[in-house]
Amino acid sequence: MKKLVAVLLVGLMLLLLFINMFDGSLEFNKMDLADVDGNYYAKNPIVSNMVTSVVVDYRSFDTLGEVTVLFVSSLGVAFMLGGLTTRIKFKHDDSFFLRIGVKVLFPIIVIVGVFMFVHGHLTPGGGFPGGALIGGAMLFKYISDSKYRAKISAFKVLEGTMGSIYVLLGIVGILVGNYFLQNILDIGELGNLISGGLIPIIYVLIGLKVGSELTGIFDHFMNEEV
Amino acid sequence: MIRPVLLVVLPLLIAFLSVMFKKQTKPLLLIAVLINAVVVFVIDKGEYIIGNHMQPYGIVLNVDNYSLYALIVLNVLFALLVLLNLAKITKIASILMIALGGLNGLLMTGDLFNLFVFLEISAIAAFMIVATNKKLIHVFNYMIIGIVGSVMYLFGVILLYSQYGTLNMNKMAELMTTTGTPATYIPIIMIFGGLAVETKLLPFNGWVKGVLGNSDSLVGPMIGSIYSGVMLIVFGRLFTDVFVLNDQVRILLSVIAIVTLIAGEVSAFSTMKLREILLYSSVAQSGLAVLLFLNGYGSIAVLVVFANVLAKFILFMLAGVMTNSHKKSEHTEYEHILNNTVDNHDDISTLAGIFVKNPLNGVAFSVASLSLASLPLFFGFFVKINVLYSMFLRGDYVLPAIILATSLVEGAYIIRMLVVLWNPGKEGEKATKEAVTSLNYEIDQLVCMVLLLISLSLVALGISPDLAIDRADEAGADLEYNISTEYVELEGGKE
Amino acid sequence: MSLQLGLQIALGVIMVVIAIIAVEAKKIISSVIYLSLLSLLAVVGFVLMSAPDVAVTEAVIGSGIVTFLFVFTLIGVNKQTAIKEDSINDLDVHTISPLEGGDIK
Amino acid sequence: MHIVGIVLMLIGVYGLITNRHIIKMIVSINVLEIGLNIFIIAVGYGENTIAPILTKSNINATNFADPLPQALVLTAIVIGVGTTAILLAVARKLYQQYGTYDLTEMEGK
């Protein structure tokens, strides 16, 4: 019965949506790029990747909040699953091929991750996917051999230092440039590696922080209560 | 040099550092909380740009009277709550720091998407704080409704961006002229739905009963008074300063607020459990505050929120302490174990006459609840008088009728609760020995004294409310759509 | 540019179908697998809508990490049910205190 | 693609309403968030816009896609991961406590 009610509700919402869509009172991108805020970001980008210049420089406060969200969720997972200590033992034992395969793949994935957040301001991708790739590489290590435990305390220290350096950069922005999180270094010539002032540095910080946080989350998810 | 942005950033910085020094997280929490409580008094008002980008393109923090007073109340109460519950905070010290940063960010931000990010930070921190009381089903319900609420809020913000092309609140306020067509009122309803979760309005307050129903002396005041106060102020900022509501939209949203007000009062009247009375009364107060914000009584709503936050802080703190009291008899340790597994003593009848044993808490509790019931000589009385006065001035008679009826119901269940807690047994005689409950609870003197002080401040504000009313007037002046300007100040009405 | 539009419409239809299956699937494992497939299709959708940055992020995080979290929650569960069947004098999920007796309020 | 985004969000809400199984509810929330992300990108996408990356060839092009919604979606995706991780941690603890994933059974106990 409940399913029927839910289907009716969703169907009604869809009907309303189509009526409004087709009589023109609810079109979505009514404003083309010219008169939208995004146009300013497109017109004067700080680095060649406009999205990165928005994420890390124009709206850098959002990204600081974003990094805090991941930080709180890794704290929360540690708080919820803190009691578990022993690693989950899979039904199958460690396969030889997987272990060798991971030994080969691990450095490659880490390098791709590092490449992604170092070139965040030139090519698509940035701190978040780069960090997630590093977390993924650590995940391979966990899967490949069941007795592997990453040095969580080292990752915690890395996470703490990266986060506080990011905030300190913001405060330095106040001292030197009179605005919080101001891009104090010079922008440099668009398009080459060392350009965009603080942007590559911040993306490296975010990448390492996201990588270590996700490793912490994976470590807690791999444990179980015996 | 002291910038308001430090209020948000310092707790985050100390939280990031606290991960590295595992053992000293509690002292770090203390430092962060005290720094914030001091810094909040020295920051000055104004619009602060982040990252040296001009107004609509960069993120801006506007700290005017409206948000400054809210910041002061938030930081002082947060510091007080952490100090009073220091022994109870073990594993969630870092999460509390992040919650402090998130809440400060919520009050200051001038950008709609930035508000979403801080909403998300404070919500996740609230999930973890609530998860300390081990009843995980309620935490899970709270999470699901909280996440759906923030998704609705983001959907509303994106619809506004597709209509008006900006995320900046000031520019949005200028661009938004009417909410007539569906393209303009659907985002408003979505954002109202998104904020309705944390402000406990009817369609989305299913989680309140579970979370506040079994809250202890840290979770209760945190979610019941601090979080709900901040969310109401954010709601007021958005719906009076930024959005322009048409009449139909205003009536629709006011109906939801009125229904919440009535449902809250009636269900508070119908229950005999201590914390349920408090949580339903806080649902009703949120409905009242939202009703006032929607209809343009901005500064009066600020008064209502301030009085509600103060009163609920005391009530939820004491309720949290009282409900896990246990018999002072010989086998206390078994009783204690039993106490943990069985639902602790929430029913008023089991706690009957508990104030006879500790009168100081009784005084604090009664002052706070009587101020809530808006009896004369307390701060709540002046808030209610001003609510009715400014409504009559505008010739509006429907709303005052509803508000008077609900405050009658509110007075009834509060007086009934106090009579049972103070003087059980038959009418008129002094409470006999066996009628008084055998339960008792330990509460250290500091908490007792501080709560007494806050309740005395409620009485002081009741006697000479001009301090609070001037502040509320200045705060209301910052809101664009604010009609309530005259106030009843002295006992004898306007001089 | 009808190719672009055609691709988008086709992708949209497939995604809606996959989403319905993911929500309606009987077994949890298949519902999780369909979710990660939906996330993959979302990556293709982002690329079609000329958002490469978002596509990379959704690919790594959406189909990579979210799928892992789901799968490992389920693996943790199957292990636990296995333990419960073969252990004989199994205490109920949370310890019963001596005073409380057998029934759980 | 706006319609696809909104329909996905509706399916997510439908999944949340009908399912009582915790993991299925978390899957529905993820479907809701994917739908929202697609809607946000669709708002910023014009008809023949190109990726907002400046290269030598499109240095002075004008039909770029709007970079602002894409920056917002970057944040929304990572927030989605954060909330999903916590939801799954709570779901695991609930399973340890109640031995089942069904909300109605849990409320019964």
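Derivation of every value follows stated rules applied to the coordinates shown; laboratory data play no part. Bear in mind that the values here come from a model prediction, so they are computed numbers and not experimental data. Ideal geometry is used to build each Cβ from the backbone, glycine not excepted, and the neighbour counts take in all protein chains shown.
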*About its Cα centre, what dipole magnitude does the stretch C:11-87 give when the only charges are +1 on Lys and Arg Cβ and -1 on Asp and Glu Cβ, stated in debye to the nearest 20?*
180
*asked:* I need the shape label for the stretch B:124-212. Rule: rounded when a/c is under 1.5, else prolate if a/b > b/c, else oblate, with a, b, c from the alpha carbon gyration tensor.
replied: prolate
*Mind checking the dipole of the protein assembly as shown: about its Cα centre, +1 per Lys or Arg Cβ, -1 per Asp or Glu Cβ, Debye to the nearest 20?*
2140
*How long is the gain from B:VAL42 to B:ASP470 if the chain were fully straight, where each residue apart is worth 0.36 nm and the alpha carbon distance is subtracted?*
152.1 nm
*Inter-chain Cβ neighbour average for residues A:186-195, partner chain, 10 Å*: 1
*Against the rule of thumb 2.2 N^0.38 Å, how large the Cα Rg of the stretch A:49-224 comes out*: 1.15
*Determine the alpha carbon to alpha carbon distance for each of A:LYS91/A:LYS151; B:LYS200/B:LYS384; A:LYS2/A:LYS91; A:LYS91/B:LYS23 and list only those over 27 Å.*
A:LYS2/A:LYS91; A:LYS91/B:LYS23
*Taking the stretch B:1-68, which chymotrypsin sites (Phe, Trp or Tyr not before Pro) meet the DSSP loop condition and have no more than 12 other C-beta atoms within 10 Å?*
B:PHE21, B:PHE41
*asked:* Can you tell me the orientation of helix B:466-478 relative to chain B, as the angle in degrees between its alpha-carbon axis and the longest Cα principal axis, to the nearest 10?
replied: 30
*Cross-link pairs A:LYS89/B:LYS135; B:LYS22/B:LYS88; B:LYS209/B:LYS312 - those with Cα-Cα distance over 20 Å*: A:LYS89/B:LYS135
_For the stretch A:49-224, with +1 on Lys and Arg beta carbons and -1 on Asp and Glu, the positive-most of A:ILE202, A:SER60, A:ILE100 along the dipole_ = A:ILE100
_At most 15 other Cβ within 10 Å, DSSP loop - trypsin sites (Lys or Arg not before Pro), the stretch A:63-156_ = A:LYS89, A:LYS91, A:LYS147, A:ARG149, A:LYS151
*Might you report the magnitude of the Cβ-based charge dipole of the stretch A:49-224 about its Cα centre, with Lys and Arg at +1 and Asp and Glu at -1, to the nearest 20 debye?*
700
*Which shape class, rounded, prolate or oblate, goes with the stretch C:11-87 when its Cα gyration tensor gives a ≥ b ≥ c as root eigenvalues, a/c under 1.5 marks rounded, and past that a/b bigger than b/c marks prolate?*
oblate
*Using only Cα atoms, find the angle between the long axis of helix B:65-84 and the longest principal axis of chain B, and express it within 0 to 90 degrees, rounded to the nearest 10.*
30
*From the P(r) of chain B, can you give the percent of Cα pairs sitting at distances over 28 Å?*
52
*Using only helices, what value at 222 nm comes out for chain A when you add -39,500 (n - 2.57) per DSSP H run of length 4 or more and divide by the total residues, to the nearest 500 deg cm²/dmol?*
-21500 deg cm²/dmol
_How much length would be gained if the chain were fully extended between B:VAL259 and B:SER457, taking 0.36 nm per residue of separation minus their Cα-Cα distance, in nm to one decimal?_
68.1 nm
*What's the angle, to the nearest 10 degrees (0 to 90), between helix B:247-270's Cα axis and the longest principal axis of chain B?*
10
*asked:* Nearest 500 deg cm²/dmol is fine: what mean residue ellipticity at 222 nm does chain B get from its DSSP H runs of n ≥ 4 alone, each adding -39,500 (n - 2.57), divided by its residue count?
replied: -22000 deg cm²/dmol
